[in-house]
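The values are calculated or read from the model by the stated rules, or taken from the named source; none is laboratory data. Only a predicted model underlies this, so the values are computations on that prediction, with no experimental measurement involved. Glycine gets a Cβ as well: all are built from the backbone with ideal geometry, and neighbour counts include every protein chain shown.
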Amino acid sequence: MSKQPVAVVGVGQTKHVAARQDVSIAGLVREAAVRALADAELGWADIDAVVVGKAPDFFEGVMMPELYLAEALGAVGKPMLRVHTAGSVGGSTALVAANLVAAGVHGTVLTVAFEKQSESNAMWGLSLPVPFQQPLTAGAGGFFAPHVRAYMRRTGAPDAVGSMVAFKDRRNALKNPYAHLHEHDLTLERVQSSPMLWDPIRYSETCPSSDGACALVLTGERGAARTPRPPAWVHGGAMRSEPTIFAGKDYVSPQAGRDCAADVYRQAGVTDPRRQLDAVEMYVPFSWYEPMWLENLGFADQGEGWKLVEAGVTEMDGDLPVNPSGGVLSSNPIGASGMIRFAEAALQVRGLAGEHQIDGARRALGHAYGGGAQFFSMWLVGSDRPDR
Amino acid sequence: MSSPAQPATHPAAHSAARTGGRDVAVVAFAQSSHTRRTDQLSEVELVMPVLHDVLKQTGLTANRIGFTCSGSSDYLAGRAFSFTMALDGVGAWPPISESHVEMDGAWALYEAWVKLQTGEADTALVYSYGKSSPGSVRDVLTRQLDPYTLAPLWPDSIALAALQAQALIDAGLTDERGLARTAVRSRRAATGNPHAQLRGSADVDELLRRPYEVEPLRRHDCPPISDGAAAVILAAGDTARALNANPAWIRGIDHRIEAHQPGVRDLTESPSTRLAASAAGAFDAPLDAAELHAPFTAQEIVLRRALDLDDRVPVNRSGGPLAANPVMAAGLIRIGEAAALIHRGEADRVLAHATSGPCLQQNLVAVLESARGTGGGTR
């Protein structure tokens, strides 16, 4: 059997905030799922299977929480899968769900990713205890800061680039009603004078810790033909992984990320991503990762990514808008963050992104990464049904 | 491939039958020798030997595998992202196409089967591992219950299984002697399985003289606490035929979940198992054997009823999870043991079952066949 086309016909998100104390975990995920079903104008009975994703179970203190979420997600009597691929999980979860449709196994699939980080402290959840790891770093920033510094040394990028990305993403977030951070008074100077957390990463160049969920309804050609709003078609999707630590690993531009992007572009027939893509939702938890990923994903030559940032290319009105939603820097329910990237890319090509819509966007990339810059998941969505 | 006929007496599958469009087979299986503790081994060291074993069986190398998928639990390991270290055992360089489920490896196999159905890969490496020894697995499993209404009460896995066993006894479906017979049969079957942890058993009368663990369950009704790992290689079509003289074709595979709250379920029934079995084509033709992931003796009774298995079908010739129960790998091992019967030419059509969650909440059923199985004409 050849691969069946897959369409995104429903997108739902919660308003991401620091602590959703008004809902349980089940209430949070159901809120996103109900919104995705409403977008698709479908009911629970239309869903054949449910695929759930989230980052480590320790973040909420519930082992395999999908078991307890079966009722809240309407999965009783249906197949339910739970994906966990570290920070890339939101994207991987969407791809696992898409494959169920692509393989012809199911007609319509609901996929949900979430994190309710207020249930614990994610920074210390990410700091592995002895005996698993030497107590050298605190939180993800502690792990990634040296790689950012390596990028700056390697490329000679000016210090201000990181703050420009952060300021752009936080301003974009003002146009996204679901974004966690709405910092109306933020200025570039305030970003640059915010406290240094993990040199060279400042407080305002760091993602927040959020409670939030994201849901997608995926279907095939028949479902897409019936859907009331424009679908987003999946033109390519891939995952790549490499080990955390090994001699010769390029933390600045990991091979797994390059390979993953190349696979997606090949599937989608994209040869010049800089010109052929209209928007990118990129996983940028620390501002400097925007120029780093611009190079890793083939939008800029090696060492040139920061120049695109400096020239305003990635601004909302630039020729390659990156994170019009405000990105991970403005909302970070970790397990959901990858799926939000995938969902926002879909919203752009559906023309349903609201105030942060990029006019005429027809092809967009959703990107996620996780672990020690070692797990990558991406999809490329378009407003046109892919050629077969 | 044709859809399986659905006999009127069996529940209809929810949607399309899960028989796939592409012939996919288990071509290799390996498991560790499961033990009570492996203090000297990391998860990577637990997984490495079984990975090397399945690669050696097929002559494949890591870079010739199209897709890799694993299953494990951070809660067992006691650390976040435990699977990232296990990935080191795979040798993921150059980078590989890879995914992970926080589920038993049987569901990792399902994800890999789906991947092969898309045609994006022709081979898949599936592995899972569980190291229960660092903590008290009986307490750890309470953390997978509803965090608001159940987990605060700390009902442990044996207590919940005892509720299920008592419901069966109250319904007149078994008794303590019947449960003990299941334990004896399983552990005596395991004497032929060098990987099993508990091999051999005292007789029923002696077992019934021993004290209760949690009434009505005695120690023999409960699984051993095991550390272990397993790996499987899947391959499609001619690739499978080239890698194994007797591929174990996955005739159908499906999985279903039930409500989480034990109080809203009839614990003597397993409708999710029955639905999955029906979608996997289990009722279409007689079975030569079954490998059931029933960690507690009473759960085998529930599953036999859901699957219409009578005494003519040998269940758990390997000894099953009562003889070795590495959590997160025990379900994948059922599929591996079922496939191994076909690889060795000892059976033509075998059912494999995996479970997850309290009291058999979530269940997966796969039907494996040799080329001579009832679907063999098309192979």
### Message
It is to be established whether one or more residues within the stretch B:43-61 are among the basic types (Lys, Arg) and in contact with a strand residue (DSSP E or B) (Cβ under 9 Å, 6 or more places away or on another chain).
### Response
yes
Inset, instruction - Answer yes or no: is there a residue in the stretch A:279-294 that is assigned to a helix (DSSP H, G or I) and in contact with a Pro (Cβ under 9 Å, 6 or more places away or on another chain). - result: no
In the stretch A:68-88, is there at least one residue being outside any helix (DSSP H, G or I), away from chain B (no Cβ under 11 Å), of a type in the set (Ser, Thr, Tyr) and touching a strand residue (DSSP E or B) at 6+ places or on another chain (Cβ under 9 Å)?
-> no
Across the stretch B:86-108, the tally of residues that are farther than 23 Å from B:SER356 by Cβ and either of a type in the set (Lys, Arg) or in a helix (DSSP H, G or I) (or both) stands at 3
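Give the residues of the stretch A:89-101 that are more than 7 Å from chain B (Cβ to nearest Cβ) and more than 23 Å from A:PRO56 (Cβ to Cβ), sorted by residue number. Break it down into steps so the answer makes sense when it comes.
Initially, the stretch A:89-101 is screened for residues more than 7 Å from chain B (Cβ to nearest Cβ), giving A:89-91, A:93-95, A:97-98, A:101.
Result: A:ALA98, A:VAL101.
When you check B:ALA352 against the structure, is it crowded, with 22+ Cβ neighbours inside 10 Å, within 14 Å of chain A (Cβ to nearest Cβ), touching a residue at least 60 places away in the same chain (Cβ under 8 Å) and among the small types (Gly, Ala, Ser), yes or no? Let's see the steps before the verdict.
On the way: crowded, with 22+ Cβ neighbours inside 10 Å: yes; within 14 Å of chain A (Cβ to nearest Cβ): no; touching a residue at least 60 places away in the same chain (Cβ under 8 Å): yes; among the small types (Gly, Ala, Ser): yes.
Against the criterion (crowded, with 22+ Cβ neighbours inside 10 Å, within 14 Å of chain A (Cβ to nearest Cβ), touching a residue at least 60 places away in the same chain (Cβ under 8 Å) and among the small types (Gly, Ala, Ser)), B:ALA352 does not qualify.
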Q) Does A:GLY104 meet the test of being assigned to a loop (DSSP other than H, G, I, E, B) and within 10 Å of another protein chain (Cβ to nearest Cβ)? A) yes
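Tell me the residue from B:SER128, B:SER99 that is buried (at least 24 other Cβ atoms within 10 Å of the Cβ), of a type in the set (Gly, Ala, Ser) and within 7 Å of another protein chain (Cβ to nearest Cβ), please.
Values: B:SER128 fails: within 7 Å of another protein chain (Cβ to nearest Cβ).
After applying the criteria, what remains is B:SER99.
State all residues of the stretch B:102-118 that are in contact with a strand residue (DSSP E or B) (Cβ under 8 Å, 6 or more places away or on another chain) and within 7 Å of chain A (Cβ to nearest Cβ); if no residue qualifies, say none.
At the first step, the residues of the stretch B:102-118 found to be in contact with a strand residue (DSSP E or B) (Cβ under 8 Å, 6 or more places away or on another chain) are B:102-113, B:115-117.
Correct list: B:GLU102, B:MET103, B:TRP107, B:GLU111, B:LYS115, B:GLN117.
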Discussion item. Among the residues in the stretch B:240-250, are any at pLDDT 95 or above and within 14 Å of chain A (Cβ to nearest Cβ)?
Written reply: yes
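Can you find, within the stretch B:68-81, the residue that is farthest from B:MET328 (Cα to Cα) among those that are more than 7 Å from chain A (Cβ to nearest Cβ) and buried (at least 24 other Cβ atoms within 10 Å of the Cβ)? Working first, answer last.
Going residue by residue through the stretch B:68-81, those that are more than 7 Å from chain A (Cβ to nearest Cβ) are B:68-72, B:76-78.
Retained after the next criterion (residues that are buried (at least 24 other Cβ atoms within 10 Å of the Cβ)): B:68-72, B:76.
Numbers: B:THR68: 16, B:CYS69: 13, B:SER70: 10, B:GLY71: 7, B:SER72: 6, B:LEU76: 9 Å.
Among them, the one singled out is B:THR68.
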Here the residues within the stretch A:214-244 that are within 13 Å of chain B (Cβ to nearest Cβ) and touching an Asp or Glu at 6+ places or on another chain (Cβ under 8 Å) are A:GLY236, A:ALA238, A:MET239, A:ARG240, A:SER241, A:PRO243, A:THR244
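Determine whether B:ALA330 is among the aliphatic types (A, V, I, L, M) and either out of contact with any helix residue (DSSP H, G or I) (no Cβ under 6 Å at 6 or more places or on another chain) or at pLDDT below 95 (or both).
Values: among the aliphatic types (A, V, I, L, M): yes; either out of contact with any helix residue (DSSP H, G or I) (no Cβ under 6 Å at 6 or more places or on another chain) or at pLDDT below 95 (or both): no.
Judged against the criteria, B:ALA330 is not a match.
Please work out if B:LEU267 is assigned by TED's automatic domain parsing to the domain that holds B:ALA352 and either of a type outside the set (A, V, I, L, M, F, W, C) or surrounded by fewer than 24 Cβ atoms within 10 Å (Cβ to Cβ) (or both). Let's see the steps before the verdict.
Details: assigned by TED's automatic domain parsing to the domain that holds B:ALA352: yes; either of a type outside the set (A, V, I, L, M, F, W, C) or surrounded by fewer than 24 Cβ atoms within 10 Å (Cβ to Cβ) (or both): yes.
Considered against the rule, which asks whether it is assigned by TED's automatic domain parsing to the domain that holds B:ALA352 and either of a type outside the set (A, V, I, L, M, F, W, C) or surrounded by fewer than 24 Cβ atoms within 10 Å (Cβ to Cβ) (or both), B:LEU267 comes out as yes.
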Report yes if some residue within the stretch B:84-102 is under 21 Å from A:PRO254 (Cβ atoms), at pLDDT 95 or above, of a type in the set (A, V, I, L, M, F, W, C) and over 18 Å from the mean Cα position of the chain (by Cα); otherwise report no.
yes
| query | Within the stretch B:231-242, is there a residue that is among the hydrophobic types (A, V, I, L, M, F, W, C), closer than 30 Å to A:VAL76 by Cβ and surrounded by fewer than 23 Cβ atoms within 10 Å (Cβ to Cβ)? | reply | no
Checked the stretch B:131-152 for anything within 12 Å of chain A (Cβ to nearest Cβ), part of a loop (DSSP other than H, G, I, E, B) and either among the acidic types (Asp, Glu) or touching a strand residue (DSSP E or B) at 6+ places or on another chain (Cβ under 6 Å) (or both); matches are B:ASP146
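Matching residues to (1) surrounded by 24 or more Cβ atoms within 10 Å (Cβ to Cβ); (2) away from chain A (no Cβ under 14 Å); (3) in a loop (DSSP other than H, G, I, E, B):
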{"position": "B:ALA285", "(1), (2), (3)": "no, yes, yes"}
{"position": "B:VAL302", "(1), (2), (3)": "yes, yes, no"}
{"position": "B:VAL313", "(1), (2), (3)": "no, yes, yes"}
{"position": "B:SER318", "(1), (2), (3)": "yes, yes, yes"}
{"position": "B:ILE333", "(1), (2), (3)": "yes, yes, no"}
{"position": "B:GLY336", "(1), (2), (3)": "yes, yes, no"}
{"position": "B:GLU346", "(1), (2), (3)": "no, yes, yes"}
